[in-house]
Amino acid sequence: MTFIKLFKPEDFMMPCLNKELFGIECLGCGIQRATILMFQGDFVLAFKMYPAIYTLFLLALFLIFNLFIKFKYDYSIKMGLIILNVSIVVISYLIKIIN
């Protein structure tokens, strides 16, 4: 048997402490499962699980890229992506709480 068949990615996921203590999901609930779904190729379900997954992935790629290559408007792009991500996370969280 190979290592991949012995362990599933879900075996290594951290539980949400906020959800366990207070019974309320936090702003980050679902990001681990969405990341696993994204890497497994289930893009629609990953988006439904955590709508900001793709913009967060884009932000992470940009930040890593920006470590090695600097250009003129990198701060503006970085701030725009951060504001976009925070907006998506907060709005999706409010929608999840209301429903």
Kindly provide the set of residues from the range 80-93 that are without any contact (Cβ under 8 Å) to a residue 60 or more places away in the chain and surrounded by 11 or more Cβ atoms within 10 Å (Cβ to Cβ), ordered by number.
80, 81, 82, 84, 85, 86, 87, 88, 91, 92
Whether any residue in the range 14-30 is assigned to a helix (DSSP H, G or I), under 21 Å from residue 84 (Cα atoms) and out of contact with any Asp or Glu (no Cβ under 7 Å at 6 or more places or on another chain) is what I want to check.
no
If residue 87 passes every condition in (1) in contact with a helix residue (DSSP H, G or I) (Cβ under 6 Å, 6 or more places away or on another chain); (2) among the small types (Gly, Ala, Ser); (3) at pLDDT 95 or above but one, which one does it miss?
(1)
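The values are calculated or read from the model by the stated rules, or taken from the named source; none is laboratory data. What you see is a predicted model, and the numbers here were worked out from it, not measured in a lab. Don't worry about glycine lacking a Cβ; one is built from the backbone with ideal geometry, like all the others, and counts go over all protein chains shown.
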